[in-house]
Amino acid sequence: MFVIVCALIPRFALTVAAGGREGLAAGPIALAPEPGRDQLIGEASAAAEAYGVRAGLRLGEALARCPTLRLVAPDPAGVADAWERRVAALEGIGAAVESGAPGTAWFSAGGLKTLHGGTLDGVLTATRRAVGGPVRLGAAPSRFAALAAASRARARRAEVMPLAAAALAGAMAPLPVALLRTREETAHLPDALERFGIRTLGELAKLPRGSLADRFGPA
């Protein structure tokens, strides 16, 4: 069965811009809006999220929700360099990496099993060692399902989704539609869906695809 592994490093860009994970522990913090673009904040720390601050929120609203929010300037060059090193480390264990936004990468586990003990556990262990530092690992039959798995994994415990289609659908159903923010083509959807009372992927899956496409577009 085809298995995709997702390696997810939460708040990667914010961590780099803040100078390391220690910077995230010093109270609510978020990436400032990029110069010359809409006044939308970037990644936010867990302390900031506790106030309802999240990536994509308008700056004024973010500051209204959390007056003590500290903003750090984005560091695209530093993020790119740091992520390139992580990707190179994954390639070093034999992975054919498909990179998303910095902090998210996918690869097939199939051929890697023979290199790492013949099991998926061996591949996940090698991945954790290669990336170094906190990383969440998920495995599933598709990229989105693997990302969903990684989003609910723990730092020391990977999340493996069922491979059978029916079981996979059942496992994905209770997950929040907020996961759609992780895909560029659907990042705008969660807020609109939640206004209509659609809060889980299962609720979304029950809706007619034609009607969804008419209302929100093909994505």
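The values are calculated or read from the model by the stated rules, or taken from the named source; none is laboratory data. Quantities reported herein were computed from a predicted structural model and do not represent experimental measurements. Virtual Cβ from ideal backbone geometry, glycine too; neighbours counted across all protein chains shown. Heavy atoms of the whole protein, side chains included, go into the accessibility calculation; ligands, DNA and RNA do not. Shrake-Rupley method; radii C 1.70, N 1.55, O 1.52, S 1.80 Å.
Things to note:
- Some residue of region 149-157 being open to solvent by 10 Å² or more (accessible area, probe 1.4 Å), modelled with pLDDT of 90 or more and touching a Gly at 6+ places or on another chain (Cβ under 6 Å): no
- Beta carbons closer than 9 Å, at least 6 apart along the sequence or on distinct chains, pair a first residue in region 23-38 that is more than 20 Å from GLY52 (Cβ to Cβ) and touching a residue at least 40 places away in the same chain (Cβ under 8 Å) with a second that is open to solvent by 30 Å² or more (accessible area, probe 1.4 Å) and in a strand (DSSP E or B) for GLU34/LEU40.
- With a requirement of 2 or more residues that are farther than 19 Å from TRP83 by Cβ and open to solvent by 40 Å² or more (accessible area, probe 1.4 Å), the helices (runs of 4 or more DSSP H) lying completely within region 1-52 that satisfy it span 46-49.
- In region 120-148, the residues that are of a type in the set (Lys, Arg) and either over 19 Å from THR15 (Cβ atoms) or open to solvent by less than 10 Å² (accessible area, probe 1.4 Å) (or both): ARG129, ARG143
- Some residue of region 72-83 being touching a Gly at 6+ places or on another chain (Cβ under 7 Å), outside any helix (DSSP H, G or I), more than 28 Å from ALA25 (Cα to Cα) and not aromatic (Phe, Trp, Tyr): no
- Residue tally, condition open to solvent by 50 Å² or more (accessible area, probe 1.4 Å) and of a type in the set (A, V, I, L, M), over region 56-71: 3
- Applying the criterion of being open to solvent by less than 50 Å² (accessible area, probe 1.4 Å) and either in contact with a Cys (Cβ under 6 Å, 6 or more places away or on another chain) or over 28 Å from ALA80 (Cβ atoms) (or both) to the residues of region 104-115, the residue that is modelled with the highest pLDDT is TRP106.
- Within region 160-175, the residues that satisfy the criterion of being within 28 Å of GLY56 (Cα to Cα) and loosely packed, with under 15 Cβ neighbours inside 10 Å are ALA173, PRO174.
- Residue match in region 152-167 (condition: under 23 Å from ASP214 (Cα atoms) and of a type in the set (Asp, Glu)): no
- Members of region 176-198 found to be of a type outside the set (S, T, N, Q) and open to solvent by 50 Å² or more (accessible area, probe 1.4 Å), listed by number: PRO176, ARG181, ARG183, GLU184, GLU185, HIS188, ASP191, GLU194, ARG195, PHE196
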